[in-house]
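Since the structure comes first, as C-alpha cells, the remarks are kept for the end.
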Amino acid sequence: VWIGSSSPTFYDVIFRNNYAFSGGAVFIDGQFEPTPAPKFFNCQFINNTADAGGAMELYASKVFMQGCLFTGNKIPGDGIAGAVRVFNNSVMIMDGCTVAYNSANYGSAFEFYNSTAAIRNSIIAHNKGHDALFVTSESDVFVRYSTIAMNDGTNWPRAISGQANRYGNNTSDPMFSQ
C-alpha cells in the first residue's frame, strides 16, 4: 500500500507476505501536500519483507497505530528496520502494539532517523539483529508503560537508555506462549 496526500483509516486489516523496496506492506510518502497521517487500528503486519522498513516506512509523514501486531517482518542482508522505519521528519504514535520476532541487521524492530516517536503500552521483544530500536541523535523517542526486552543486541540504545525502568517501562521477558 502506498499512501500519499491522504489519511486513510484501516481497521482489522492483515498485511501478510508482501514485498517492496521500502515499507514491505505500507509506504507512507510525505513528499506531497497535504502530509499523509493514516491510522491503523488492530491491524496485523506478518512476514513482510523490504530493503528498509520490513512492514512499514514513513517518509516525512505521520502515523497513528493502536492495538497492532508486527511479527515475522524482515530485512535481508544489511538493511535497516525489521518492522518500521520512521524517516526524515516523520512522527509515529504507537499505543498498545506488539512488535516481536522481526529481524534486520540494525534496528531489528525500528529505525528512527531525524524523526519523533511516542510508544506507549507496547511490547517490543524477541527481535533479531543489532539494536531493537536504532535511534539517531536527531530523533526524539519517548517510551512510556512499555516492555522492551529479550531482543538481540541493545534493547535500550544510548539515545533512550534513561527511559529504561522509568515512566512505567520494564525490561522483563513478556513470556509469549508459542
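Since every read-out is calculated from the coordinates, none of them should be taken as a lab result. Everything numeric in this text was worked out from a predicted model, so none of it was measured. Using ideal geometry, Cβ is built from the backbone for each residue, glycine included, and neighbour counts are taken over all protein chains shown.
Things to note:
- Relative contact order for the chain: 14 percent, from Cα pairs under 8 Å spaced at least 6 residues apart, divided by residue count.
- For the stretch 149-166, 3J(HN,Hα) computed residue by residue from phi via the Karplus equation (6.51, -1.76, 1.60; θ = phi - 60°) reads 7, 6, 8, 5, x, 9, 6, 10, x, 3, 4, 10, 4, x, 8, 5, 6, 9 Hz, glycine and proline entered as x.
- Between Ala117, Ala109, Ala83, the GNM of the chain built on Cα springs shorter than 10 angstrom shows Ala117 fluctuating the most.
- Rounded to the nearest 20 debye, the dipole size of the chain about its Cα centre is 340 debye, using +1 on the Cβ of Lys and Arg and -1 on the Cβ of Asp and Glu.
- Three-way shape call for the stretch 36-128 based on the alpha-carbon gyration tensor, with the a/c threshold at 1.5: oblate
- Inter-label distance, nm, simple model (7 Å from Cα along the C-beta direction), Asn114/Ala164: 2.9 nm
- Prolate/oblate/rounded label for the stretch 5-87 (Cα gyration tensor, a/c 1.5): oblate
- Vicinal HN-Hα couplings computed from phi for the stretch 9-19 (Karplus, 6.51 cos²θ - 1.76 cosθ + 1.60; Hz; Gly/Pro x): 10, 10, 10, 6, 8, 9, 9, 9, 6, 9, 9
- Summing Cβ point charges (Lys, Arg +1; Asp, Glu -1) relative to the Cα centre of the stretch 110-156 gives a dipole of roughly 240 debye.
- The stretch 74-178: C-alpha gyration tensor shape, a/c 1.5 cut-off, then a/b vs b/c: oblate
- Taking 0.36 nm per residue of separation and subtracting the current Cα-Cα distance, fully stretching the chain between Phe32 and Asn88 would add 18.8 nm.
- Only one of (i) 14.3, 44; (ii) 16.5, 55; (iii) 16.3, 52 was calculated from the structure for Rg and Dmax of the Cα atoms in Å, and its label is (i).
- Per-residue extension of 0.36 nm, minus the Cα-Cα distance of Asn121 and Phe41, leaves a gain of 27.4 nm for this segment.
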